[in-house]
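The values are calculated or read from the model by the stated rules, or taken from the named source; none is laboratory data. In this text the structure is predicted, and so the values were computed from the model without any measurement. Virtual Cβ from ideal backbone geometry, glycine too; neighbours counted across all protein chains shown. In case anyone asks, the SASA skips ligands and DNA or RNA and just uses the protein heavy atoms, side chains included. Shrake-Rupley method; radii C 1.70, N 1.55, O 1.52, S 1.80 Å.
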Amino acid sequence: MAYAPYSGFRVGAALQLANGSIVTGANVENISYGLTICAERAAIVRAVATFGPELRITAVAIANLNHAPSPPCGACRQMLAEFTPPEIPVAFPAADGTRVLLFGDLLPLAFHMKHP
Ligand code: THU
């Protein structure tokens, strides 16, 4: 469902929540390029709007339609940190196929005040 007319890079993200739900998101670009929102952050915003601020993320999966590596960008890692503990698996397309890393390995020393 990505809206990516400028980059042509179509990304999807799926968040598994502690309540058992799966919430998906897609990247949505804008002609003012910096306003683009990534798939991961779109999914987070959707999850909070749907289930409220207490949600916890228990797994993350990322995909793209471009057969390219797409680990979550730095901004998305920081935003995931708000709702995702370090021991949670994150699956994403890498050069050597799908990789699964723990969130704490993707974003060590995350800045946060809620989830040490
Ligand atoms: N993109 C994502 O959706 N997630 C990321 O973590 C990195 C980049 C999107 C943003 C933009 O629409 C396109 O990929 C190319 O950067």
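Structure above, values below:
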read-out: Degrees, to the nearest 10: 39-51 long Cα axis against longest axis of the chain; value: 50
read-out: Exposure ranking of I31, I57 by accessible area [1.4 Å probe, largest first]; value: I31, I57
read-out: Extended-chain gain in nm, criterion 0.36 nm per residue less alpha-carbon gap, Q78 and M113; value: 11.4 nm
read-out: Nearest-10 value in Å² for the accessible area of R10, using the 1.4 Å probe; value: 110
read-out: Carbon and sulfur %, accessible surface of region 11-106 computed with the full protein complex present, 1.4 Å; value: 60
read-out: Label-reachable residues, region 1-32, where backbone N falls under 14 Å from a point 7 Å from H67's Cα toward its Cβ; value: none
read-out: Average silhouette area of region 1-106, convex hull of alpha-carbon atoms, in square nanometres; value: 6.4
read-out: Extended-chain gain in nm, criterion 0.36 nm per residue less alpha-carbon gap, D105 and V45; value: 19.3 nm
read-out: Dipole moment magnitude, nearest 20 debye, the chain about Cα centre, only Lys, Arg, Asp, Glu C-beta charged; value: 120
read-out: Max mean-square fluctuation residue, GNM over the chain, Cα-Cα springs under 10 Å, options P69, P86, P53; value: P53
read-out: Length-normalised contact order of the chain in % [C-alpha pairs under 8 Å, at least 6 apart]; value: 21
read-out: Solvent-accessible heavy-atom area per residue, rounded to whole Å², over the chain at 1.4 Å; value: 57
